[in-house]
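What follows is a set of notes on a single structure, which appears directly below.
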Amino acid sequence: MGKIDHDAVLRARVLLLGSGRLRPLEEVHAYRVLAEVSPKAYLPKLVDALLLMSYRSRDPEVDLTLTAEAVEAARRIEAGAPARAERLHRALDAYQRALFALGRRAEGRAACEEMAQAGRSGRLAEVLAEEGRFHEAAKLNEDAARNGTPEFWNRVEWAANLEGAGLHDAAAAVFGELLDRTRREAAGQRTALAVLTWELVHLSRMREAAGHGADAAAVRRQALTVLEELATTGEPKNWSCLLGWWVTLFALSGRADEPAASAESPMPPFGTDLRRSSATRVSFLGTQPGLEAEAEALRGAGPLPELVDVQRRISIRAAIRDGDHPYRFEERFTPYFDEGVALARRLPDDPARLARALTDRSMFLVAARTFEPAYADFAEAVAVADARWRIRRAPRAR
């Protein structure tokens with residue numbers, strides 16, 4: 001500790017004891033001064049004040065300065081002090097977000113690694129997935145998930161990273177654990193049949209992508225049965241907004257159509273809640289105008305299959321951007337899915353794209369709680385997919 005400025009300390013104490021409301025900067029300055037003479041009492045308050053200022057800031061450089069100071073202050077809190085670990089975690093989390101916002105990935109990853117060493121590995125798993133390091137991310141997911149219950153978010157992320165690493169059977173096993181739990185909860189009316197439908201459809205997509213056509217067909221039939229129940233009787237209970245489940249699985253279904261993730265060209269961590277703000281989310285959504293321009297050019301004279309694919313990528317970005325907003329949900333999103341089906345119907349020799357478009361629209365309609373049209377779409381999708389699978393299985397004439 002350097003020479004103490006007793007006048008500054010006195011002014012800081014008087015300022016904090018005053019009856020007026022302090023400006024955030026005044027409060028931070030007072031805590032900085034007092035933390036030098038009474039670190040046990042004032043370092044925690046300094047961390048809190050710095051983080052509060054950073055949350056109110058709109059300047060990335062200011063955010064970085066404030067959060068870096070918060071991290072250093074949190075590290076100076078004596079070991080074992082109440083809430084030291086929590087404050088350091090919050091400071092590191094805010095610091096890494098500021099670093100990533102400024103494109104400083106290596107430093108941001110280092111902050112996430114420090115969080116992981118303290119037992120908070122979730123953000124590091126996301127960062128690794130953003131860079132295409134799916135195997136490492138899946139290992140972190142496994143360590144975290146084994147210590148908790150098989151709830152939607154941790155199992156979907158873990159399965160997504162296993163699938164990204166090419167471990168398709170392991171991914172299906174992890175997702176199957178989630179699905180088994182959802183079946184039990186749906187049977188006991190502790191979760192929505194819509195969630196069960198989305199999960200079954202996603203598992204069918206996973207098995208199809210892994211080359212297990214028979215498994216995929218069987219799971220599609222299970223999903224169709226649940227959807228028939230929804231179309232006939234509706235949800236047994238009225239559930240609050242479930243749109244986050246739909247957005248997450250719909251976005252994940254399109255990961256293979258996007259450029260490969262790398263440290264130089266990171267992608268969003270598909271399988272996580274992409275509604276949350278992040279640097280990769282912002283950059284990903286920023287590609288939508290370019291895709292819309294590409295789609296417009298393809299509508300003129302481009303190959304129709306490419307247009308179908310580009311239109312789907314646009315729909316996924318729209319869902320990530322505001323697919324969790326229930327206001328006028330069906331009205332806002334119907335044009336995306338209607339166009340996808342209409343375009344796919346113009347490809348009579350491409351049943352895979354038609355089945356995909358019908359499935360996409362069906363799952364959207366489930367999210368919109370319009371169950372009868374959803375069932376009709378999915379029944380057609382199942383018929384198209386099953387016919388395609390039978391043709392592929394049939395022995396070729398010699």
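The values are calculated or read from the model by the stated rules, or taken from the named source; none is laboratory data. Being a predicted model, the structure only gives us computed values, none of them experimental. With ideal geometry, Cβ positions are generated from the backbone for all residues, glycine too; neighbour counts draw on all protein chains shown.
The table below lists the values:
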| quantity | calculated |
| --- | --- |
| Residue in the range 134-145 that is in a loop (DSSP other than H, G, I, E, B) and touching a helix residue (DSSP H, G or I) at 6+ places or on another chain (Cβ under 9 Å) present | no |
| Arg155 being part of a helix (DSSP H, G or I) and out of contact with any Leu (no Cβ under 6 Å at 6 or more places or on another chain) | no |
| For Gly80: the one exception among (1) outside any helix (DSSP H, G or I); (2) buried (at least 21 other Cβ atoms within 10 Å of the Cβ) | (2) |
| First in the range 267-287 and within 16 Å of Val156 (Cα to Cα) and of a type in the set (Val, Ile, Thr), second anywhere and at pLDDT 95 or above and in a helix (DSSP H, G or I), Cβ under 7 Å, 6 or more apart | Thr272/Glu126; Thr272/Glu157 |
| Within the range 109-133, tally of residues that are among the small types (Gly, Ala, Ser), out of contact with any helix residue (DSSP H, G or I) (no Cβ under 6 Å at 6 or more places or on another chain), part of a helix (DSSP H, G or I) and under 20 Å from Arg276 (Cα atoms) | 1 |
| Yes/no for Asp349 being among the charged types (D, E, K, R) and surrounded by 15 or more Cβ atoms within 10 Å (Cβ to Cβ) | no |
| Candidate set: the range 186-199, residues that are under 22 Å from Leu365 (Cα atoms) and not hydrophobic (A, V, I, L, M, F, W, C); chosen: the one farthest from the chain's Cα centre (by Cα) | Gln189 |
| Which listed residue, of Arg390, Arg356, is more than 17 Å from Ala251 (Cβ to Cβ), out of contact with any helix residue (DSSP H, G or I) (no Cβ under 6 Å at 6 or more places or on another chain) and not small (Gly, Ala, Ser) | Arg390 |
| Candidates Leu102, Leu51, filtered to the one that is under 31 Å from the mean Cα position of the chain (by Cα) and buried (at least 16 other Cβ atoms within 10 Å of the Cβ) | Leu51 |
| Answer from Ser38, Ser57 - the residue that is outside the structural domain of Ala279 (by TED's automatic domain parsing), free of Cβ contacts under 8 Å to residues at least 12 places away in the same chain and surrounded by fewer than 16 Cβ atoms within 10 Å (Cβ to Cβ) | Ser38 |
| Search result, residues across the range 290-341 that are under 21 Å from Ser277 (Cβ atoms), among the basic types (Lys, Arg) and surrounded by fewer than 16 Cβ atoms within 10 Å (Cβ to Cβ) | Arg332 |
| Residue among Ala160, Ala170, Ala209 that is closer than 24 Å to Ser262 by Cα and crowded, with 24+ Cβ neighbours inside 10 Å | Ala160 |
| Qualifying residue in the range 180-192 (condition: touching a Pro at 6+ places or on another chain (Cβ under 7 Å), farther than 22 Å from Glu380 by Cα and touching a residue at least 40 places away in the same chain (Cβ under 8 Å)) | yes |
| Lone unmet requirement of (1) under 30 Å from Ala98 (Cβ atoms); (2) β-branched (Val, Ile, Thr); (3) surrounded by fewer than 20 Cβ atoms within 10 Å (Cβ to Cβ) for Thr248 | (3) |
| Residues within the range 285-308 that are touching a helix residue (DSSP H, G or I) at 6+ places or on another chain (Cβ under 8 Å) and closer than 18 Å to Met267 by Cα, tallied | 4 |
